[in-house]
Amino acid sequence: MKKLLIVLVVVAAFFALYLPKDNSFSFYFKILAIVIVMIGVMRLMNKVPSKNQNDNQDDVV
């Protein structure tokens, strides 16, 4: 699942940056691609543990 999400984010970022401005729908495709990139990065970052997570638990005790 993680590898599929990384591929999806990279493809959406490519379309967001390199889609030509020829037609009126390209604006909407760019917005959609940016939204997909942001949601994908957010989901990938949820899987990465915080480096301060263990420090916070030690301070409570």
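The values are calculated or read from the model by the stated rules, or taken from the named source; none is laboratory data. Please read these numbers as outputs of a predicted model, since none were measured by experiment. Glycine also receives a Cβ, built like all others from the backbone with ideal geometry; neighbour counts cover every protein chain displayed. Surface accessibility is based on the protein's heavy atoms, side chains included, excluding ligands, DNA and RNA. Shrake-Rupley method; radii C 1.70, N 1.55, O 1.52, S 1.80 Å.
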Subject >> region 42-61 residues that are in a helix (DSSP H, G or I) and modelled with pLDDT of 75 or more, paired with ones that are among the basic types (K, R) and open to solvent by 100 Å² or more (accessible area, probe 1.4 Å) (beta carbon under 8 Å, 6 or more apart) >> reply: L44/K2
Original post:
Pick from region 6-26 the residues that are over 14 Å from the mean Cα position of the chain (by Cα) and of a type in the set (G, A, S): which of them is surrounded by the fewest Cβ atoms within 10 Å (Cβ to Cβ)?
Top reply: S24
